[in-house]
Structure formats: structure tokens, C-alpha cells
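Structure first, then comments.
The values are calculated or read from the model by the stated rules, or taken from the named source; none is laboratory data. Keep in mind that what you see is a predicted model, and the values were worked out from it rather than measured. Virtual Cβ from ideal backbone geometry, glycine too; neighbours counted across all protein chains shown. Ligands, DNA and RNA are excluded from the accessible area calculation, which covers all protein heavy atoms including side chains. Shrake-Rupley method; radii C 1.70, N 1.55, O 1.52, S 1.80 Å.
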Amino acid sequence: MNILVIGSGGREHALAWKLAQSPRAERIFCAPGNPGTASVSKAENVALDVKDFEAIAQFCAQQDIQLVAVGPEDPLCAGIADALKAHGLRVFGPAKAAARIEGSKEFAKDFMQRCSIPTAAYASFTEVGAAEDYIRKQGAPIVVKADGLAAGKGVTVALDVDAAIGAVHEAMLDKAFGDAGGTVVIEEFMAGEEASILAFCDGTTFRVMASSQDHKAVFDGDKGPNTGGMGAYSPAPVVTPELQERIDREILAPFVQGMRDAGSPYVGIIYAGLMITETGPRVVEFNCRFGDPETQVVLPRLQGDLVEIMEACIDGTLDQVELAFDAGACVAVVMASEGYPGGYPKGRAITGIEAAEANDGIAVFHAGTALTDGQLVTSGGRVLAVTASGGALPDTIRRAYEAVAEVHFEGAHYRTDIGQKALKRL
Ligand code: AMP
Ligand code: GLY
């Protein structure tokens, strides 16, 4: 069959790479894709605007696309699944109403409260004064979030009251996140270690993927501002089998049932960002899509055919599917542009990817890359996810960093401690 992957990041490169391994996949189109997706066997890029659903539907008809796999949250929250389904297309990804679980923090928090899913206590505000009063009453540490989509940047973990009030002003008065900050959600601070759990859903049944852990802060030791994610590993030993059982029972099962009860059965991947606290797993956020860079470490370990799993989600037959994962670990180190997550230069030549990939079990997933006159150059903040799979974690980490050492671009920076939290637990 022919498949269309929507998106252009490292996650989509990993999706195209895994989908291409399916004997069912004939041609894979990536819209708009990146030089990495273009290099995947069977795959090519197509210059479609991911928000132009009519043009996408037309392309799907022309190319006989039988599966559309949507990567990013923006088109999902804007209703790409609904729009394409109305054209009779088969879409892996939630409908607009269900994607609100990520698109609106207020919706997500109300939903979790209604379904008794453990999460931080919260209140939402549309007026600055009321938000300030609440912060003064609650005290710090406290967390301030812009309600809408803010590309991962709308969250402030405030260590004192002044910082929290500053964050409210930034969102509501300075409009730092545009309309996304018209409403702010103020949350209880949760202490613990984070983990990411991704699960396939067909509206009724869920199937959990192997656990993983992201590294959101830009510098080693979780220092510096938050980024889209500087690296990941899977599995995450903080998620013990007992804890996974609680996550299934206390979070994923009520999630799936709650979405059904709300009249928006959830089809696609649900990403639960968790805080593993002293009292158990609690939800930091739900995302309506695969994580980035978590996808780059979970998909290489997934056994079986991703096309068939996605189809089972669309067809409501996920109860007939069991997921299995390779025992070996997987580690991805993100190489970022100079200055990221602040402003950064573009157009710097990238070399050494072939040398890195010449080593066993190494895949370099592209995120912010472009081709200029045949030369691969940087074009984004997060440039590459250098990924090692197989083996025991200490060895996998070593191989990932050996591969990173092969790749060069001016000003490249990366964390040198990806996976260290897991090593401490092992
Ligand atoms: P989010 O965009 O909601 O995932 O938040 C970004 C990051 O902020 C999370 O990955 C956490 O590290 C941190 N964070 C968000 N909410 C909380 C909370 N209630 N307690 C502690 N940390 C939080
Ligand atoms: N890795 C964080 C995210 O995908 O939202």
C-alpha cells in the first residue's frame, strides 16, 4: 500500500523508517518531510502544507494513499483526521475533539479530574488579578502553564511566588505565547522522576509501548531552559513492572474509557508524560501523538509491523494485537544548533552521518536539516537524533556517543549525560 506520513521532524523520520520495514508498504510519502525521510527506502518527500487538508486529500486520492500517519499535534488539533476521514481516507491519529487532550490544558485537566486520573491539583484563570491571588495563597514551588499549544515553551516551574507571577504576566500581559496564553493553568508542583509512556489506542483497547525517558533541559544535570527534548532512552527502569501495571490501571484504562464516555473515542497514540512520585504515577501532560525524541528510541525496539498495528487502531481490532519489544536498550542523543533553545544560526554544513551509521545498530534521525546545493546543512534547533540500539544500556550509551563523535557541524552541542539516570537505577 501507499502511505503518507505528515510532519518533518526526527519523529517522522523514525516513523517513515519503521513503516518502510513493513512488507505491506510500497511507497511512502512524507509531507513535507526532511532530507532524512527522503533517504528512507521506499520514501520520498512531497511539498504539502500540513494545514491544507484539501490539498492533502487531493494528493491522497491521486497517489492511492491507504494510510495516513500524522506526526505532529498542530494538524491533529486543527482537525486533520476529521477532514481526511470525510474524504474516505484511513487516518492514524485522533479526531479534533479527542486531540483536545493536548490542545487545551484546561480540557485535559478537567478530563483528568472527572476520570480520577492522578495529576497535579490545578486552577485555570482568564484574569491576571485572580491568578496572582491564587499564587500568593498557594505559595511556591508552583507551575504556570499557558493553556493552548506553545511548542513546549509555555511552562514555567516557578521556585518562588515572584517568578510565578512573572510567568503569568508574560503569558497574559506580554502575550509571549500569543492566544495560547489567554488562559493560564496554575498547577501544584510534583516532585519525582519523569517517564514517557506511549500507548496505541483503537477507541476501546489500548496497547502500551516500552517505557522511555526524555531529557527536556538543555544542559547536563537537567540544567538550563527546557527544550523540545535533548535525548531519550528506552526502557526507563524507573517504570518497574509493578508501576507499569498501576499506569495501565490508574491512567490508561480510565483515559480510554473517559474519552469514549465524552463521545470522542481516542484513535491513535496517546502519550502520557508522567511524574513518578512517592505516591505513584501522576500525569504531567497528555499528548495526542508520538513523542519526539521518545519515538526514536521506542520504534527501533518495537517488533512486528507498524503498518498492521496502525491499521488495527483504525479498524478497532487492537484487541487482537500484542506488542513485543527487543530486550536491548535504545539511546538517542540530540545534536542541537549553537544557541538552541534560544536563537540559532542555520545553514551550517553537516558531515559524518555515513561514518556514524556505518557502525552496527546506529541510525541518525534527521530533525532540523536541509539540503542546499547538494550539501546537508542545519535548518532547525534540534538537528539530529543519533540513535544506538541493542545491547545493555551502558554499552548502548557508549555506542551512541561514539556515533555522535563522528558527526560534525559548527557550534553543535548535545548533552553528555543521556541515560545516566537509568544507570543509577540499574
Ligand atoms: P509540559 O509542557 O506540561 O510537559 O511541561 C514541561 C515540563 O515542565 C515537564 O516535562 C516537567 O518537567 C515540568 N512540569 C510541568 N508540570 C509540572 C508539575 N505540575 N510539577 C512539576 N514539574 C512540572
Ligand atoms: N518529548 C516531549 C514531547 O514529545 O512532547
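With a cut-off of 11 Å between beta carbons, the residues surrounding Gly93 carry a summed charge of +2, where Lys and Arg count +1 and Asp and Glu -1.
Rg(Cα) of the range 9-128 divided by 2.2 N^0.38 Å?
Values: Rg = 17.3 Å, N = 120, 2.2 N^0.38 = 13.6 Å.
Ratio of Cα Rg to 2.2 N^0.38 Å: 1.27.
Averaging over all projection directions, the Cα-based convex hull of the range 67-112 occupies 3.0 nm² in the image plane.
A Cα-only calculation for the chain places Rg and Dmax at 20.6, 59 Å.
In the full protein context, the chain carries 39 Å² of accessible surface per residue, based on a 1.4 Å probe and ignoring ligands, DNA and RNA. Answer rounded, prolate or oblate for the range 96-250, using the Cα gyration tensor with square roots of eigenvalues a ≥ b ≥ c: rounded when a/c is under 1.5, else prolate when a/b is larger than b/c, else oblate. Here the range 96-250 falls in the prolate category. Sorting Lys109, Lys175 by accessible area puts them as Lys175, Lys109; the probe is 1.4 Å, largest comes first, and only protein heavy atoms count. Calculated mean residue ellipticity at 222 nm for the chain: -8500 deg cm²/dmol, from DSSP H runs with n ≥ 4 weighted as -39500 (n - 2.57), summed, divided by the residue count and rounded to 500.
Please report the net charge: other residues with Cβ closer than 13 Å to the Cβ of Arg399, K and R +1, D and E -1. Present the calculation step by step, with values, prior to reporting the outcome.
Details: positive: Arg398; negative: Glu357, Asp360, Asp395, Glu402, Glu406.
Net charge in that neighbourhood comes out at -4.
Per atom type, the chain shows carbon and sulfur on 49% of its accessible surface, probed at 1.4 Å.
The residues packed around His215, meaning those with a beta-carbon under 13 Å from its beta-carbon, carry a net charge of -3 if Lys and Arg are +1 and Asp and Glu are -1. Taking all Cα pairs closer than 8 Å and separated by 6 or more residues, the relative contact order of the range 170-231 comes to 18 percent. Mean separation of Cα pairs under 8 Å and 6 or more residues apart, divided by the residue count, gives the chain a relative contact order of 16 percent. Look at the alpha carbon pairs under 8 Å that are at least 6 residues apart: their mean separation over the length of the range 99-240 gives a relative contact order of 20 percent.
Here Lys175 is the anchor, and the lysines within straight C-alpha reach of less than 29 Å, apart from those fewer than 8 places off in the same chain, are Lys51, Lys96, Lys105, Lys109, Lys137, Lys145, Lys153, Lys216, Lys223, Lys346.
Sorting the segments 87-95, 189-197 by their mean number of nearby beta carbons within 10 angstrom, highest to lowest, gives 87-95, 189-197.
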